[in-house]
Amino acid sequence: MTTAVSDQDRLIPTQSGSLHVKEWTPDASGSLPPILLFHDSLGCVDLWRSFPARLAAATARRVVAYDRLGFGRSDPHPGTLPLDFVAAEARDIVPVLLGHLGIGEFVACGHSVGGGMAVETAARFPSRCRALVTIAAQAFVEDRTLAGIREAKEGFRDPAQFARLARYHGGKARWAVDAWTESWLSPAFAGWTLDTALAEVRCPVLALHGDRDEYGSAEHPTRIAAGRGTVRLLADTGHVPHRECEDTVVEAILSFLSEP
């Protein structure tokens with residue numbers, strides 16, 4: 001029998017603007033820690049598509065996703081991204097979310113740069129983050145990552161491609177593209193890694209990665225999971241596993257969270 005899931009949208013105020021948050025709650029949910037989702041560099045709640053509902057139904061856990069400032073239905077970002085924007089999300093935004101949503105213990109799960117934010121969150125809340133899942137996350141600045149970003153940047157010169165992005169971000173779309181490309185391509189960002197945060201992670205880790213990911217080699221999940229958990233390389237899969245092979249990703253997370 002499929003578990004029924006209800007969803008709810010809300011706005012949560014922060015010092016820099018309001019965040020659009022969506023929750024999926026299975027009818028059979030109990031006291032298991034909820035899953036907090038962190039989207040990718042051009043993502044938003046709506047671009048998770050069916051994944052959060054499927055994840056909530058499969059795991060019998062509340063799933064929470066939100067649009068970062070500057071994305072989706074959240075308020076515009078007040079300026080340019082600081083070089084520490086990955087760590088800053090865990091430092092400045094996550095405590096506000098957890099407080100407003102009444103979340104104690106939780107599971108952090110992030111896609112791409114959102115995976116980095118999930119790592120930073122697990123490091124900052126070692127007693128509350130019960131498990132960490134990364135999906136196609138980057139752990140350092142790799143030539144393959146930069147090449148993929150340069151190619152994407154050129155692609156957004158196409159008005160039709162940019163218009164598709166604007167359907168999700170509205171007037172914030174140009175800011176979102178520039179925030180992604182200019183941050184990662186900046187020479188000042190070249191030395192960024194997750195190494196310091198990873199050293200502080202205390203919970204079990206599952207690092208999922210497509211074997212055809214155009215934004216990062218298998219070195220990323222290997223570094224994320226080293227001594228902390230498990231790497232799972234997904235066959236014939238690119239940078240968006242939760243859309244390309246949703247069933248496999250949901251099953252992998254369910255199995256991981258079901259381990260004693």
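Here each label is just a point 7 Å from Cα along the line to Cβ, and for Arg128 and Ile103 those points are 0.9 nm apart. In terms of packing, defined here as the mean over residues of other Cβ atoms within 10 angstrom, the peptides 239-251, 139-151 line up highest first as 239-251, 139-151.
Name the shape class, rounded, prolate or oblate, that the alpha-carbon gyration tensor gives for segment 1-156, where a ≥ b ≥ c are the square roots of its eigenvalues, rounded holds for a/c under 1.5, and otherwise prolate holds if a/b is larger than b/c and oblate otherwise.
prolate
The distance linking segment 90-163 with segment 214-233 is 15 Å (Cα centroid to Cα centroid, whole angstrom). Relative contact order, whole percent, for the chain stands at 19, derived from Cα pairs under 8 Å and 6 or more residues apart. The label-point distance for Leu254 and Thr80, in a model that sets each label 7 Å from Cα toward Cβ, rounds to 4.6 nm. Simple spin-label estimate for Ala28 and Asp7 gives 2.1 nm between the two label positions (7 Å along the Cα-to-Cβ direction from each Cα). Test of understanding: in a Gaussian network model of the chain with alpha carbons linked when under 10 Å, which of Arg124, Arg49, Arg202 would top the mean-square fluctuation ranking? Of Arg124, Arg49, Arg202, the most mobile in the Gaussian network model is Arg49.
With 0.36 nm allotted per residue and the present C-alpha distance subtracted, the Ala147-Glu246 stretch has 33.0 nm of extension available.
FYI, it's all coordinate maths here, none of it is from the lab. None of the values given here were measured: they were computed from a predicted structure. As a convention, Cβ positions derive from the backbone with ideal geometry for all residues, glycine included, and neighbour counts pool all protein chains shown.
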